[in-house]
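The values are calculated or read from the model by the stated rules, or taken from the named source; none is laboratory data. What you are looking at is a predicted structure, and each value in this text was computed from that prediction instead of being measured. We place every Cβ from the backbone using ideal geometry, glycine too, and count neighbours over all the protein chains shown.
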Amino acid sequence: MRVLRHPEAHRHAGGRPPDGTRFQPLLADEPLLAVVAGGDPLARGSRVSLAEIADGGPCVGFRPGTELRRLVDAAFQSAGLTRAIAFVLGQLAEMVRFARAGLGTALVPPSFTADPAAASRPAVGVLELADHGLTMTIGAYTTAEAALPAARALLDVAARRDELRREFA
């Protein structure tokens with residue numbers, strides 16, 4: 001088994017995997033969080049609604065055709081809201097950097113909001129969404145072909161994560 005190295009693999013997230021592959025969840029059902037600059041008025045609270053985000057100014061969006069973009073677009077659409085997307089980016093870490101710089105609000109999984117070098121950067125607000133149910137599963141598409149050792153190790157740890165949590169808790 002190896003992690004799929006296909007430039008379009010991200011486009012299939014949450015849908016039917018490409019032929020000959022399977023989706024291996026690594027971080028299941030992560031609730032999306034809103035990231036804003038520390039000085040943004042939305043950063044005063046700990047929760048924010050999609051309506052407040054839509055009214056609060058520009059957003060930083062993920063590229064179209066991805067599961068994250070589909071989830072976020074659908075959430076705003078089902079709430080009858082539109083948001084102004086000022087920047088469309090292809091890396092979640094870049095979305096967080098743009099939000100931190102005050103260029104718009106980004107909606108990302110929590111695993112992308114942790115930043116060990118945060119003390120040397122401008123303050124950031126990470127807010128829970130008041131609108132429940134907006135979650136995303138982070139994972140890898142794999143094939144049954146020859147395994148890359150690092151990929152197999154990652155998938156083995158992911159498969160044992162609950163056992164490891166209990167062991168090291």
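Look at (1) crowded, with 16+ Cβ neighbours inside 10 Å; (2) farther than 13 Å from LEU107 by Cα and you find that PRO64 fails only one, number (1). Of all residues in the range 117-169, those satisfying the criterion of being at pLDDT below 70, within 30 Å of PRO41 (Cα to Cα) and not in a helix (DSSP H, G or I) are ALA117, ARG121, PRO122, ALA123. Where helices (runs of 4 or more DSSP H) fall wholly inside the range 1-111, the ranges with 2 or more residues that are in contact with a strand residue (DSSP E or B) (Cβ under 7 Å, 6 or more places away or on another chain) and modelled with pLDDT under 95 are 67-78, 92-100.
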